[in-house]
Structure formats: C-alpha cells, structure tokens
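Right, one structure below, let's go through it.
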Amino acid sequence: MTSAHRVLVLNSGSSSLKYQLLDMRDGSRPAAGLVERIGERVSRLVHTAPDGERRERTAPMASHEAALKAVAAELAADGLGLDSPELAAIGHRVVHGGLRFTEPTVITDEVLAEIERLVPVAPLHNPANITGIRTARALRPDLPQVAVFDTAFHTTMPEYAARYAIDTETADAHRIRRYGFHGTSHAYVSREAARLLGRDPSEVNVIVLHLGNGASASAVAGGACVDTSMGLTPLEGLVMGTRSGDVDPAVTFHLRRVAGMSVDEVDELLNKRSGLVGLCGDNDMREIRRRIEEGDERAKLAFDIYVHRLKKYIGAYIAVLGRVDAVVFTAGVGENAAAVREAAVEGLEPLGLSVDAELNAVRSGEPRLISPAGARVAVAVVPTDEELEIARQTYSLVNN
Ligand code: AMP
C-alpha cells in the first residue's frame with residue numbers, strides 16, 4: 001500500500017460545505033466539519049480536530065473557494081493539510097449523474113463538462129457540487145479527485161421501473177425519467193444489512209427505508225437496485241420533512257390555473273413548505289412525537305399520513321421483489337424513531353413483518369435486528385454512513 005492513505009470527502013450544498021477526512025488504513029476520522037452560510041454576511045466554520053477538540057470560526061466567506069481555503073487552513077493547523085503526501089484523493093458527493101455515470105468516476109475536464117450538462121435536470125443540486133469540484137481542483141490540481149453520484153446505485157433499475165408513462169419522444173428530448181437519489185446510502189445500507197444477516201449481498205433481497213429530512217425507499221435484489229421512490233428529482237415518493245412526495249401531477253396545474261401561483265411558487269410549495277412541515281408546522285420527528293403525546297391532532301394526522309405512505313411503499317416493494325429477506329430502516333428518523341418503525345410494520349404480520357417491542361426500543365449506533373427471533377422477514381436498523389461509502393469508492397478507484 002502507498003503512503004497516501006487518507007481521503008477527504010466533500011459535500012457541497014448551495015450555501016454549505018461539509019467535509020470529513022477518513023483514514024483508510026484503520027477507518028478512523030481524524031477531522032471533520034462544516035461551513036454554513038457561505039455567501040452571507042457572516043459564515044460559520046465548525047471543525048473537529050483529531051483530539052476531538054471543536055473549533056468554531058465566524059468570518060465572511062463569500063464563496064466556496066473561500067470556505068474550502070478556510071477548511072484547508074484548519075486541516076493544516078492539525079498537520080493534515082491538503083498538501084500532505086498522505087492525502088490520496090478527494091471524493092466529491094455529486095447529486096445527479098444522469099444515465100452516463102453509473103460508477104464513481106475520476107474527475108477530468110471532460111467529466112466536469114458532462115456533470116455541467118446535467119444541470120438542467122438537477123438545477124438545485126449540481127451547481128453547488130460543481131463549484132466544490134472546481135474549487136478543490138484549483139487548490140490541488142495534481143491530486144486525484146473522484147465524483148460519487150447519488151443516482152449511480154439506481155442505474156440498474158429496469159427500464160419499466162425507470163420510465164414514466166408519458167410520451168416517449170418528449171421524455172427522451174428532456175431526459176425525463178426516474179433517476180432516484182440517496183443511492184450512496186441505499187448501496188451502503190443494503191450491503192451492511194446483508195452482512196448483519198450473515199449472507200452475501202448477492203443472495204438477499206432488501207427493502208431500504210432511508211428516512212431523514214429527505215426520505216426515499218428502495219427495493220434491492222441481490223445487491224442491485226430494482227426500484228426506488230424518488231424520481232426525476234428528489235421530490236417524488238415518501239412524505240418528507242418539507243417535501244410532499246407523491247401528489248397527483250394535476251395539483252400543479254390546478255395551483256397554476258386556479259390559485260394563480262407561478263411555477264417557482266409551486267416548486268417552493270412542494271419542496272419547502274409541504275411534507276411534515278406543511279402538514280403540522282414541524283419537520284422534526286422528535287417534536288412531532290412530543291406534540292402527539294400532548295394530544296395535538298395536527299401532529300397526529302401528519303404522523304399518520306407519513307406512516308401510511310411508508311406502508312404503501314413497503315407493500316409495493318414486497319410485490320416488486322417477491323421474496324424479501326429484510327426491511328431496513330436508516331437515517332435520522334429511521335435510526336432513531338422507534339414509533340415510526342413500529343407503526344410502519346403494524347398490521348403487516350400476514351406478510352411476515354413485525355417488530356419486537358423491546359428490541360425496537362433499544363438505542364444504539366450499531367446495526368441491529370428489531371424483529372422477533374425466527375421472523376420470516378428480518379426488520380433491521382442500520383445506521384447509514386455516506387461519507388465512509390464515498391471514501392471507500394474513491395479510494396478503491398485511485399488505489400489500484
Ligand atoms: P437526517 O436528514 O438523516 O440527518 O435526519 C434528520 C431528521 O431525523 C430530523 O429532521 C428529525 O426528524 C429526525 N431525528 C433525528 N434524531 C431523532 C430522534 N432522536 N428521534 C426522532 N427523530 C429524529
């Protein structure tokens with residue numbers, strides 16, 4: 001093995017930059033942090049150093065370039081600078097890889113141009129990712145940089161699952177199809193679930209429920225995704241923190257024609273003011289559970305709508321897969337909200353699904369089974385780790 005054994009993972013949002021430095025020899029994470037409010041009057045950087053010390057800085061950072069330079073300075077102060085010979089590569093999270101990028105890809109000028117060509121299908125996400133890549137390449141032009149795509153894991157979906165039933169020419173002209181997102185998480189969690197069952201991923205069929213502020217479900221057969229709930233954009237599918245998930249597309253025409261809303265207003269309504277927050281004013285499941293305990297009916301209805309949609313997708317993916325070995329919960333809500341897990345499988349005993357109340361109540365950061373011993377279908381909680389997955393994919397590409 002070469003002496004370069006660290007990978008820096010960058011996740012650039014429109015006004016944020018998250019980072020983690022991973023040591024691929026021992027799995028440790030010497031440093032991590034976040035810059036928020038890039039481009040605003042005051043930006044904030046929170047850095048965790050190798051000894052666990054948290055350093056916080058506020059300063060104006062006008063651009064991702066300024067933010068990454070500030071991050072590089074923090075890393076350098078810990079002896080982990082971007083010029084360190086131990087840094088093997090930088091792995092970038094890229095939301096949309098279209099149909100072209102089915103695998104992690106070393107970034108060249110040509111690859112970057114292709115990611116830019118995908119901006120029309122991912123106008124909210126890819127521009128920030130591109131800015132992060134440009135900035136990092138300018139700082140370390142000689143270092144291998146790898147793009148890891150949120151859509152890549154879903155490119156194995158069969159055509160009948162990926163296509164919408166709309167006019168083919170129109171769909172093709174505008175690259176309209178179901179791409180799916182959160183793929184890095186679905187890939188990691190479905191593989192870890194197989195490991196938890198003590199089996200090879202190629203042998204098991206798994207339903208993964210990634211329930212964070214964004215939420216998506218996937219059906220994974222023998223390690224390959226065969227269906228997922230997000231579509232052309234991350235708006236389709238499950239009820240989320242602020243997104244509606246599935247609605248009749250005619251709702252959008254209706255809002256345009258009858259309520260006089262502009263396309264941007266409808267976009268903002270469905271992406272930012274819908275889902276749990278639109279239903280009850282809160283998108284944090286802890287707060288919703290607290291309100292339900294106090295007898296709040298709006299919170300209860302929001303919870304019931306959330307769970308009903310989830311249950312419909314579980315049922316649909318059991319039908320898609322035929323045989324299911326495990327249903328796996330992950331991300332902020334999936335890992336922490338026992339009440340959601342319990343409600344999602346309630347009444348599904350005839351399909352072989354149930355949770356053991358005691359196991360479900362356990363709080364832990366470890367992958368674990370929560371179904372009763374001997375259950376026909378395992379129900380599990382597997383904490384997701386997108387940074388580790390990005391680092392692994394990046395490292396395996398540059399280290400062979
Ligand atoms: P993520 O996007 O994966 O970071 O998930 C964020 C969401 O997880 C928050 O909006 C909360 O709804 C939910 N969450 C985090 N911690 C808990 C918890 N202890 N109990 C219930 N929900 C939680």
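Other residues within the sphere of radius under 13 Å centred on the Cβ of Arg163, judged by their own Cβ, net out at -2 (K and R +1, D and E -1).
Taking a Cβ cut-off of under 15 Å around Ser3, the surrounding Lys, Arg, Asp and Glu residues balance to a net charge of -2, with basic ones at +1 and acidic ones at -1.
Within the shell defined by Cβ-Cβ distances under 11 Å, the residues around Pro234 carry a net charge of -1, with Lys and Arg each +1 and Asp and Glu each -1. Panel values: the range 167-312, Kirkwood radius from alpha carbon pairs, Stokes-Einstein at 37 °C and 0.692 mPa s, translational diffusion coefficient 194 µm²/s. The fraction of Cα-Cα pairs per 20 angstrom bin, counted from 0 for the chain, comes to 26, 58, 16, 0 percent, rounded to whole percents.
Listed values for the range 10-19 are Karplus-derived 3J(HN,Hα) couplings in whole Hz (6.51 cos²θ - 1.76 cosθ + 1.60, θ = phi - 60°), namely 10, 10, 9, x, 5, 10, 9, 9, 9, 8, and x replaces Gly and Pro.
Stretching the chain fully between Glu287 and Lys69 yields a gain of 74.8 nm (0.36 nm per residue, less the alpha carbon separation).
Share of antiparallel DSSP beta bridges in the chain, in percent to the nearest 5? That works out to approximately 65 percent antiparallel. Label zone of Ala165 (point 7 Å out along Cα→Cβ, amide N under 20 Å): in the range 245-269 this covers 246-253.
Hydrodynamic analysis of the range 15-169 uses the Kirkwood radius over alpha carbon pairs. Inserted into Stokes-Einstein at 4 °C and 1.567 mPa s, it gives a translational diffusion coefficient of 76 µm²/s. Across the alpha-carbon set of the range 18-67, the Rg to Rh ratio works out to 1.07, Rh being the Kirkwood radius.
Under a 5 Å amide H cut-off, with hydrogens placed 1.01 Å from N, Gly91 pairs with Leu8, Val9, Leu10, Val146 among residues at least 5 apart or on other chains. The sum of -39500 (n - 2.57) across all DSSP H runs of n ≥ 4, divided by the residue count of the chain, sets its helix-only mean residue ellipticity at 222 nm to -11000 deg cm²/dmol. As a calculated quantity, the FRET efficiency between Ala138 and Glu358 at R0 = 51 Å, using C-beta atoms, amounts to about 0.40.
Summary of packing: across the peptides 300-309, 33-42, the per-residue average of other C-beta atoms within 10 Å ranks them, highest first, as 300-309, 33-42. Separation of the range 1-56 from the range 112-156 is 18 Å, based on Cα centroids.
Close amide-amide hydrogen proximity is noted between Leu238 and Ala217, Asp246, each under 5 Å apart and 5 or more residues distant or on a separate chain (H modeled in the peptide plane; Pro and chain starts excluded).
Spatially, the range 259-284 and the range 302-350 are offset by 24 Å when compared through their Cα centroids.
Note on the range 318-400: Cα-only Rg and Dmax are 15.3, 49 Å.
Based on every Cα atom in the range 83-146, Rg and the maximum pairwise Cα distance Dmax equal 11.9, 38 Å. Among 152-161, 288-297, the peptide with the highest mean count of other Cβ atoms within 10 Å heads the list, and the full ranking is 152-161, 288-297.
Throughout, read-outs are computed from the coordinates displayed, never taken from laboratory work. All of these numbers come straight from a predicted model, not from anything done at the bench. Here the Cβ is made from the backbone with ideal geometry for all residues, glycine too, and neighbour counts use every protein chain on show.
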